[in-house]
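Where a number appears in this text, it was derived from the coordinates with a stated rule and is not lab data. Remember, predicted model here, so these are calculated numbers, not experimental data. Don't worry about glycine lacking a Cβ; one is built from the backbone with ideal geometry, like all the others, and counts go over all protein chains shown.
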Amino acid sequence: MEKLDKNGLTEEQYLAQYNPNKYEKPSVTVDMVVLGTNASLTGLKILLVKRGAHPFIGEWALPGGFVKMDESTSEAASRELEQETGLKNVYLEQIGSFSEPDRDPRMRVISISYMALVNRTPIVKGNDDAAEARWFDFEFTDKMIRIYDKDSDFEMRYNLKRKKFKNGTIPYEKLVASDPRGASLAFDHAQIIVDAMTQLRKEVMYTNLPFSMASPKFTLPDLQRIYELLLGHTLYKANFRIMVADRVESVGEKGKSIVGNRMSELFFLVG
């Protein structure tokens, strides 16, 4: 027997008379934190786009845009990343949602954030709503975010502080971006970066995400350096090799390592 609600309606009858305008609707966007490395594996790079339209016209932001009615947020993330920067076929992992009521001056907008790790810094070009797409040098610690260009005086820096929040009755702490110095990112994109990096550092030792930043064939010294860049500290060589031992396999040949600039055994990711 078909179930009836308190008004005696079947689900089909309920849906036929349902008013979709009963509740206000927020818009949904996606924003992507895309990280690469410099050629010498001595530092991280972050991909930003210069906004070509209001709001925040002319300011730097994470790649992103609005989700269409006929696509998932992951589909929207892939589409927007390709449209704005030219990057495609990039693995995107969802980070979280950002829903402060005043995060967008246009209207109520909830953003779903994603993170991608890519090999080096693929060529990018600003398209669609992005006037420019560009890789910047990137540093992240528990005390600050620094996004800068080594070849110019451009720099944006956010101080970070740890604040307590409550999720219902359960208290928790998180790093919060505040006090920007120099240039600043549009919207709440600095906080999106903080949350993305915090989550990444919790996961990096237990997932294969760092392999996305390595070449298909890599040396273990280079792979270890990628892990260290993401974690923000050095690792013991022996412990690192034990950790990745069941995830890598020898190619059976040698290649020049970027770290140390000497010939080392080449490996590939298993599976």
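Residues with beta-carbon under 11 Å from that of residue 240, excluding residue 240: net charge, scoring Lys, Arg +1 and Asp, Glu -1?
+2
Sort 138-149, 216-227, 256-267 by packing, meaning the average of other beta carbons within 10 Å per residue, with the highest value first.
Values: 138-149: 16.8, 216-227: 20.2, 256-267: 15.3.
Answer by packing, highest mean first, reads 216-227, 138-149, 256-267.
Could you please report the charge total around residue 227, scoring K, R as +1 and D, E as -1 over all other residues with beta-carbon less than 15 angstrom from its beta-carbon?
Around residue 227, the charge tally is +3.
Helix 189-203 against the longest principal axis of the chain: what's the angle in degrees, Cα atoms only, rounded to the nearest 10?
Between the helix axis and the principal axis of the chain, the angle is about 60 degrees.
Can you give the net charge of the other residues whose Cβ lies under 12 Å from the Cβ of residue 263, counting K and R as +1 and D and E as -1?
Numbers: positive: 254, 256, 262; negative: 253, 265.
Neighbour charge sum, excluding residue 263 itself: +1.
Taking Kirkwood radius over Cα pairs in Å as the quantity of interest, determine which of (i) 20.9; (ii) 19.0; (iii) 19.8 was computed from the displayed structure.
(i)
Mind checking which aspartates and glutamates have their C-alpha under 12 Å from residue 161, skipping anything on the same chain fewer than 8 residues away?
Cα-Cα hits under 12 Å: 142, 173, 179.
Within a 10 angstrom radius of the beta carbon, how do 244, 33 rank from fewest other beta carbons to most? Write out the running numbers ahead of the final one.
Values: 244 19, 33 27.
In order of increasing Cβ crowding within 10 Å: 244, 33.
Could you compute the FRET efficiency for residue 4 and residue 100, with r as their C-beta to C-beta distance and R0 at 35 Å, rounded to 0.05?
Taking R0 as 35 Å, the efficiency between residue 4 and residue 100 is 0.30.
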